[in-house]
Structures are given as C-alpha cells and as structure tokens.
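The values are calculated or read from the model by the stated rules, or taken from the named source; none is laboratory data. These numbers were taken from a predicted model, which means no experiment stands behind them. Neighbour counts run over all protein chains shown; Cβ positions are idealised from the backbone, glycine included. With ligands, DNA and RNA removed, areas are computed over all heavy atoms of the protein, side chains included. Shrake-Rupley method; radii C 1.70, N 1.55, O 1.52, S 1.80 Å.
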Amino acid sequence: MNDKAPTVVLVHGAFAESASWNGVIERLHGAGVDVVAAANPLRSVAGDAAYLRDVIGGLDGPVLLVGHSYGGMVITEAGADNPNVIGLVYVAAFAPDSGESAFQISTLHPGSTLGEALSAYPVSTGGNELAIRLDAYPGQFAADLPLPVAGKMARTQRPVTEYALREGLPTSTPAWRTVPSWFVLAGLDRNIPVAVQRDLATRADARGVREIEGASHAIAVSCPDEVAEMILEALAASAVTDAA
C-alpha cells in the first residue's frame, strides 16, 4: 500500500487555460487535497501527453488525472500503462479509444456548434491554429456564466492546433480501459454534445457519473462545487482500492 496521499493533476482543454480550474482548486485545497494545474501545450495529443507524463514523473506518489474537454484526450494517452495513475476524472471531456480524434468524437451525435464559432490562422510551424471568436465565445463556451467572466475567459483562451483536434489517440490501450474513471457531464454543452458525453461514460464503464443540467462547456468554472465533489469521490474510492 502506498502511504502517500494522491496528487490531483488538472488538465485544461482547448480555448481555456489553467486558471479555469481556480474554483475547483480552492475547494480541493479546503478538503486538504494537493493539486497541480498543468499547462496543456495544445499542440498535439502525443506531444501534450508526453509533457503531462513529465509532470506526473516529477510528483511524489500516486496521481489522479482530471481532464476537461480536449484535456480528456491528453489524460487518456498519458495515463496509459502508467503505474502512478490511480484514477481518471473526465469533466465535459473526450474519452477516446485508440485512433479516435476529438473532431471525430464530437460528431457522434448532433448538437456541436463549435465549428461555426472558430477562427483559424496559419502558424509558422505549419498548419492552422484555432480559437473561438471573441463575439461567439460567451454563447458557445460559457453560456451559464456572467458575461464579464465569459469575456475575460475569451481573452485569455489558449488556442489549439487543428492537428491536435484531428490526431487520433496514439496508444492501443487507452487509460480508461485499465484505470477506474468518473465523469461529470455538462447538460447544455455546445462543444461536446451531452449525448456524446453519456456514450463515452457508458463505454468506459464509469464508476460514477454526474450530469449537471444547464451546465455549459465551461463547467469547471460555473459548477466548481459539483466538479470538486466528483474528484473527491474518485479520491475516496481510489483510497479504498489502494488499501485493499
């Protein structure tokens, strides 16, 4: 049995940044949980996961990975065959199988309006980078947040490469196949339709699922209590498993 308490590693997705976890961090710290919010490069699934594995390797003891949106792609890859990872929490997130991309998964059910909200521009390293237009961001990403908050998020969003969203999951053994998972679903998500999120949770045989009615894609910002509660549930379940 590992006596070291797990560290929660929070991984943001596209069009967000590490501060989007601030409310969740505050609540986890209040419960005595050690937390790291990783800065997701948003360049490629393989490269972003390699960076996250470096973050995990620099921590002492077991890790619970939490991914939002595209961050779910990254934790699924980084957690594969990683003995330090004891659990996965998907927060309005992709939970891909081998070879599946974020773009592919988001179209499994109708309802995503992300494509029409994006602006694209070339980058010097090749390909295009994507961002949500400032005028579209509040309604597309953060419809349940006050407009001033959504506006700040729009202006601090981290763009993602088109390649990252089109790259299939590299590993043949996605982490959710061998590591316990929990899901928080956003009922009014306009990026990843909630029907898609439900299917992913079912496929992963999730230990716990909580759907928040009326929640936007920015669920970690608008519903930090509920997200933190699911993380604490996952930690408690993982502690019981570890003790056994």
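Run the numbers for K152 and E213: contour at 0.36 nm per residue of separation, minus the present Cα-Cα distance, in nm.
19.6 nm
Considering only protein heavy atoms, what per residue accessible area in square angstrom results for the chain with a 1.4 angstrom probe? Could the numbers behind the result be given before it?
On the way: 9990 Å² over 244 residues.
For the chain, the per-residue accessible area is 41 Å².
Give, rounded to the nearest 20 debye, the magnitude of the charge dipole that segment 101-244 has about its Cα centre when Lys and Arg contribute +1 at Cβ and Asp and Glu contribute -1 at Cβ. Kindly include the intermediate steps, with their values, before the conclusion.
Working: 11 positive and 16 negative charges, 63 e Å.
Roughly 300 debye, rounded to the nearest 20.
For segment 80-194, what relative contact order do you get, as a whole percent, if you take Cα pairs closer than 8 Å and at least 6 residues apart?
Reported as a whole number, the value is 47 percent.
Evaluate segment 22-86: find the radius of gyration of its Cα atoms, find its Kirkwood radius, and give the ratio Rg to Rh.
Result for segment 22-86 is an Rg/Rh of 0.96.
In Å, the Kirkwood hydrodynamic radius of segment 117-244 over pairs of distinct alpha carbons?
Averaging 1/r across every pair of different Cα atoms and inverting gives 16.7 Å.
In whole Å, how far is the Cα centre of segment 115-194 from that of segment 58-93?
Centre-to-centre distance over Cα atoms comes out at 17 Å.
What does the charge count near A164 come to, summing +1 for each Lys or Arg and -1 for each Asp or Glu among other residues with Cβ under 12 Å from its Cβ?
Net of charged neighbours comes to -2.
How large is ³J(HN,Hα) for each residue in segment 168-181, as worked out from phi by the Karplus curve 6.51 cos²θ - 1.76 cosθ + 1.60 (θ = phi - 60°), to whole Hz, x for Gly and Pro?
x, 4, x, 5, 8, 10, x, 4, 5, 6, 10, 10, x, 10
How much length is gained on full extension from A50 to E17, taking 0.36 nm per residue of separation minus their Cα-Cα distance? Don't skip to the end; give the middle numbers.
Values: separation 33, 0.36 × 33 = 11.88 nm, distance 1.83 nm.
Gain in length upon complete extension: 10.1 nm.
Give me the angle, in degrees from 0 to 90, between the Cα long axis of helix 45-57 and the longest principal axis of the Cα atoms of the chain, rounded to the nearest 10.
Computed tilt is about 30 degrees.
Provide the net charge surrounding I56, with neighbours chosen by a C-beta distance below 15 Å and charges set as Lys +1, Arg +1, Asp -1, Glu -1.
Charge balance near I56 sits at -4.
If you consider only alpha-carbon coordinates, what radius of gyration and Dmax does the chain have, in Å?
16.5, 52
Enter the angle in degrees (range 0 to 90, nearest 10) between the Cα long axis of helix 147-156 and the first principal axis of the Cα atoms of the chain, meaning the one along which they spread out most.
80 degrees
On the accessible surface of segment 1-68, probed at 1.4 Å, how many percent belong to carbon and sulfur atoms?
51 percent
Please compute the Cα-Cα pair-distance distribution of segment 57-155 with 10 Å bins starting at 0, giving whole percents from short to long.
13, 33, 34, 19, 1
For S172 and S124, what is the calculated FRET efficiency with R₀ set at 35 Å and r taken between the beta-carbons, to the nearest 0.05?
0.60
Compute the length gained on full extension between T202 and E233: take 0.36 nm times their separation in residues and subtract their Cα-Cα distance, giving the result in nm to one decimal.
Extra length from T202 to E233 when fully extended: 9.3 nm.
Within 15 Å, Cβ to Cβ, of T125, how many net charges do the neighbouring residues add up to if Lys/Arg are +1 and Asp/Glu are -1?
With Lys, Arg at +1 and Asp, Glu at -1, the neighbours total -3.
Would you mind classifying segment 146-210 by shape? Square roots of the alpha carbon gyration tensor eigenvalues, ordered a ≥ b ≥ c; an a/c under 1.5 is rounded, otherwise it is prolate if a/b is larger than b/c and oblate if not.
Details: a/c = 2.52, a/b = 1.42, b/c = 1.77.
Oblate shape, in that a/c is at least 1.5 and b/c is the bigger or equal ratio.
Can you give the calculated 222 nm mean residue ellipticity of the chain, where each DSSP H run of n ≥ 4 adds -39,500 (n - 2.57) and the sum is split over every residue, rounded to the nearest 500 deg cm²/dmol? Mind showing how you got there, number by number?
Values: 10 runs with 89 residues, N = 244.
The helix contribution divided over the chain gives -10000 deg cm²/dmol.
Which whole-number percent gives the relative contact order of the chain, counting Cα pairs below 8 Å spaced six or more residues apart? Walk me through the intermediate numbers first.
Details: 533 pairs, mean separation 60.7, N = 244.
Dividing the mean separation by the residue count of the chain yields 25 percent.
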